[in-house]
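Values quoted throughout were computed directly from the atomic coordinates according to the rules given, and no laboratory measurement underlies them. As the structure is a computational prediction, the values presented were derived from the model and not from experiment. With ideal geometry, Cβ positions are generated from the backbone for all residues, glycine too; neighbour counts draw on all protein chains shown.
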Amino acid sequence: MQKYLDLALQASECAREIIMSAYHKNQFQITIKDDQTPVTEVDVAVEKAIKSMILNQYPEHGFYGEEEGMQNIEAEFVWLLDPIDGTKAFVRGRPMFSCQIALQHNGELILGVSLAPAFNGGELAYALKGHGAFIKNGASPQAQSLKISTISELNQAVFSSGNIKSLAQNHIAWAKYGKFLNMINTTRGFGDFLHYHLLAAGKVDIVLESDVSILDVAALAVIVCEAGGKMTQLDGKPLTLESRSILAANPLLYDQAFKMLND
């Protein structure tokens, strides 16, 4: 499987070049999609480039991209791509966006690459199932191993949330969420790729989101789990292509968080 990780890392470098060239120039076309979210010509260019790179080498593989949708989705290997997760941040010149590349084998996520090209001198986290998780950035250009925290009490935990609109619309779920927050030591909303990078690095202990696409989190799920964490849907079920919610934590806190949010 190493050959697939090598290819994903090559694809992330291709994405970095395309994205950062446009980011520095701040000149690109923007279109508003039906769901009222923006898409830029850069999103499309990155997806086309990575899709071509992968399928030229492995034409039998499937592909699911944010902009062009699904192709050969029943294949043994299916690549998942969000070319720019955080397009709103990208458009406004904030560095809180990333390129997310994942690989699924017979329905199981086995590989994840998360590139945040404008954050922290360029931050890259990656993992291959069974081989650990790693991160490097401008401050630490050599890859460093990622390991989840060992915090075991909610009153000592750092919690980060994002995309919780649907949770707020559910009175019962929102009440549980409020009760849960009262048990936590520190609450933040790092959001997007960042709170998962921090979770895998042991700097955040629990992450919750309720309005996501699998393309946003597939790569990050592999990274978190390979760092020793646990990541499921909010209801505890494994992630699928249809997943829309996330509960991720170190194993010492996951069951406590799950019980409070689901009882």
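Structural descriptor for segment 179-243: relative contact order 28 percent, calculated from alpha carbon pairs under 8 angstrom and at least 6 residues apart.
Under a 5 Å amide H cut-off, with hydrogens placed 1.01 Å from N, Ala75 pairs with Gly62 among residues at least 5 apart or on other chains. For the chain, the longest principal axis of the alpha carbon atoms and the long axis of helix 2-25 meet at an angle near 80°. Taking only alpha carbon atoms, segment 111-151 gives an Rg to Rh ratio of 1.00, where Rh is the Kirkwood radius. Judged by the mean number of other Cβ atoms found within 10 Å, the most tightly packed of the peptides 14-23, 203-212, 134-143 leads the ranking 203-212, 14-23, 134-143. Distance from the Cα centroid of segment 14-62 to that of segment 160-225 is 26 Å (rounded to whole angstrom).
Taking the inverse of the mean reciprocal distance over all distinct Cα pairs, the Kirkwood hydrodynamic radius of the chain comes to 18.5 Å. Annotation: segment 1-62 has a Kirkwood hydrodynamic radius of 13.0 angstrom, from the mean reciprocal C-alpha pair distance. Compared with the alpha-carbon gap, the fully stretched path from Met53 to Met20 is longer by 10.0 nm at 0.36 nm per residue. Magnitude of the charge dipole for the chain, about its Cα centre and with charges confined to Cβ atoms of Lys, Arg (+1) and Asp, Glu (-1), is about 820 debye.
Once the C-beta distance of Ser152 and Ile30 is scaled by a Förster radius of 45 Å, the resulting FRET efficiency is 0.45 to the nearest 0.05. Under 12 Å from a label point set 7 Å out along the Cα-to-Cβ vector of Met183, the amide N atoms of segment 148-164 belong to 153-157. Normalised by 2.2 N^0.38 Å, with N the number of residues, the alpha-carbon radius of gyration of segment 206-263 equals 1.01.
Here the convex hull built on the C-alpha positions of segment 11-111 has a volume of 99 cubic angstrom per residue. Pairs from the table (Lys33/Lys147; Lys147/Lys259; Lys33/Lys165) lying more than 29 angstrom apart at Cα are Lys33/Lys147. Note on Arg92 and Ala143: their simple-model spin labels are 3.4 nm apart, each label 7 Å out from Cα toward Cβ.
With contacts taken as Cα pairs under 8 Å and at least 6 residues apart, the chain reaches a relative contact order of 15 percent.
Each other residue within a Cβ distance under 9 Å of Glu47 adds +1 if Lys or Arg and -1 if Asp or Glu, for a net charge of -3.
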